[in-house]
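Okay, structure first, notes after.
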Amino acid sequence: MSKQYELNKELAQMLKGGVIMDVTTPEQAEIAQNAGACAVMALERIPADIRAAGGVSRMSDPKMIRGIQEAVSIPVMAKCRIGHFVEAQILEAIEIDYIDESEVLSPADDVYHIDKTQFKVPFVCGAKDLGEALRRINEGASMIRTKGEPGTGDVVQAVRHMRMMNSAIARISSMREDELFNEAKELCVPYELVKYVHDNNRLPVVNFAAGGVATPADAALMMQLGAEGVFVGSGIFKSGNPAKRADAIVKAVTNYQDSALIADLSADLGEAMVGINEDEIELLMAERGK
Amino acid sequence: MTVAVLAVQGAFEEHKKMLLGLGAKVIELRKAEDLKKDFNRLVLPGGESTVQGKLLRELGMFESLQKRIEEGMPVLATCAGLILLAKEISNDAGRCFQTLPVTVKRNAYGRQLGSFFYEGEIKGIGQYPMEFIRAPYIEKADEEVSVLAEVKGNIVAVQYKNQLAMSFHPELTEDTRIHEQFLSMID
């Protein structure tokens, strides 16, 4: 394992207990930073708008990303399409802190993900179960997040993915060692990764929740389910009072077990994003890239 | 001996694990109420200093902790923690405890591509593996501050009375010597 990969996993460790927010302008990035975001995700359109606009969705304009890099001192992430290694090369060239190889954008390759071991910059990838998570890690991802269903304001899929991941980890931890070889075969991942999960009862990298988180309660729910931090996409800047909501979600993640505090934080936040229920949507982004 | 680890954001679990391994009792500080618990040591972990500084104030822990640091409670500060202690920050308007008379530069080595590993000498400890992750360094330290390590011409570890602070992350290594030294400091 390269030293750079270690350093990249460690940057994700520094983000733990924090909230990573989607932003589309330098002004939004500053609002996010002032509200306590531990990193921002720079993108041209937030998932809810990508969903509404339809069509092909691609990596953002590097100029726009640079504007956000200049506006804030916290880490800046950006998305590239699944399998689009040239978009990833461009993001590396502008010294992005983390690349999200993301199902939110239109996939550029319906078979192969990016060989992330070829890059110096770190990658975070979405996963809806343990197999996907370990396959992404094997390809070089140094951080994992649930896929959830982005741009919906509906947390059900993030919950489902986190529970699936956790139950698979618990199942592997309780296996006899001679059962791990077959498990590796079933998951299509190397034995060493399955062995790591068995021995440590966790993923080898940091695991955040993402997709559909819209309220402080949603964020605390994901933390209580075992997420190590939270991505909030459309939930903040699609709501009535983004600064206040962002601030409340940050505090709810820190004190995710303090229901009295979360009750206070949840009061008077203004309108939440409208949201779409999972059975009302035509495009399931979580089904992209397995 | 009970160590309080600031647990508002960042890599606090790693410090907890290392301290527990050394036999210390550890509590987490997440809100004002937690300050009522009994503790006589403080760890300020890595993470995002902007987030930690904001939450320290808004969750009601800032003044009490600042007072206890000034009164001599031993503190171990890593990376973001160093920024929280620093009296001055050359490239940022934010200030936190300001109990350590040094000037630090945030993100001094640039973005994540500038993060690096270095094995170097720490005064009183010897060769030590240092992980620098979007790390700060110390541009200037007052005379009474003891410089413990320099890397590539920049100060990366110091001690000033009860405050032990560094740019890198001993909690991410297997090497427990810095934590041992911290636990042996006199209250």
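The values are calculated or read from the model by the stated rules, or taken from the named source; none is laboratory data. Keep in mind that this is a model prediction, so the values were computed, not measured. Glycine gets a Cβ as well: all are built from the backbone with ideal geometry, and neighbour counts include every protein chain shown. Ligands, DNA and RNA are excluded from the accessible area calculation, which covers all protein heavy atoms including side chains. Shrake-Rupley method; radii C 1.70, N 1.55, O 1.52, S 1.80 Å.
Within the bounds of the range A:57-69, is there any residue that is outside any helix (DSSP H, G or I) and without any contact (Cβ under 8 Å) to a residue 40 or more places away in the chain? Looking for residues that are outside any helix (DSSP H, G or I) and without any contact (Cβ under 8 Å) to a residue 40 or more places away in the chain, one finds at least one in the range A:57-69, hence yes. Tell me yes or no: at least one residue of the range A:226-233 is at pLDDT below 95, of a type in the set (A, V, I, L, M, F, W, C) and open to solvent by 10 Å² or more (accessible area, probe 1.4 Å). No: zero hits.
Taking the conditions (1) open to solvent by 10 Å² or more (accessible area, probe 1.4 Å); (2) among the basic types (Lys, Arg); (3) in contact (Cβ under 8 Å) with a residue 12 or more places away in the chain in turn, B:Arg57 satisfies each one other than (3).
Of all residues in the range A:90-138, those satisfying the criterion of being open to solvent by 10 Å² or more (accessible area, probe 1.4 Å), under 18 Å from A:Met165 (Cα atoms) and either among the acidic types (Asp, Glu) or not in a loop (DSSP other than H, G, I, E, B) (or both) are A:Asp129, A:Arg135, A:Ile137, A:Asn138. In the range B:15-46, of all residues being open to solvent by 10 Å² or more (accessible area, probe 1.4 Å) and facing another protein chain (nearest Cβ under 7 Å), the one that is farthest from the chain's Cα centre (by Cα) corresponds to B:Lys31.
Looking at A:Met222, is it part of a loop (DSSP other than H, G, I, E, B), away from every other protein chain (no Cβ under 14 Å) and open to solvent by less than 60 Å² (accessible area, probe 1.4 Å)? Answer is no for this residue.
Conditions tested, residue by residue: (1) touching a strand residue (DSSP E or B) at 6+ places or on another chain (Cβ under 9 Å); (2) assigned to a strand (DSSP E or B); (3) within 14 Å of chain A (Cβ to nearest Cβ).
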| site | (1), (2), (3) |
| --- | --- |
| B:Phe97 | yes, no, no |
| B:Tyr109 | yes, no, yes |
| B:Ala135 | yes, no, yes |
| B:Val147 | yes, yes, no |
| B:Phe168 | yes, no, yes |
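With respect to the conditions (1) basic (Lys, Arg); (2) in contact with a Pro (Cβ under 9 Å, 6 or more places away or on another chain); (3) closer than 27 Å to A:Pro75 by Cα; (4) open to solvent by 40 Å² or more (accessible area, probe 1.4 Å), B:Arg177 lacks only one, and its number is (3). Remark: B:Glu119 matches the filter, which requires a residue to be part of a strand (DSSP E or B), free of Cβ contacts under 8 Å to residues at least 40 places away in the same chain, closer than 22 Å to B:Glu180 by Cα and within 14 Å of chain A (Cβ to nearest Cβ). Kindly indicate whether any position in the range A:256-268 is within 19 Å of the chain's Cα centre (by Cα) and either closer than 19 Å to B:Ala7 by Cα or open to solvent by 20 Å² or more (accessible area, probe 1.4 Å) (or both). Yes, there is a match, as at least one residue in the range A:256-268 is within 19 Å of the chain's Cα centre (by Cα) and either closer than 19 Å to B:Ala7 by Cα or open to solvent by 20 Å² or more (accessible area, probe 1.4 Å) (or both).
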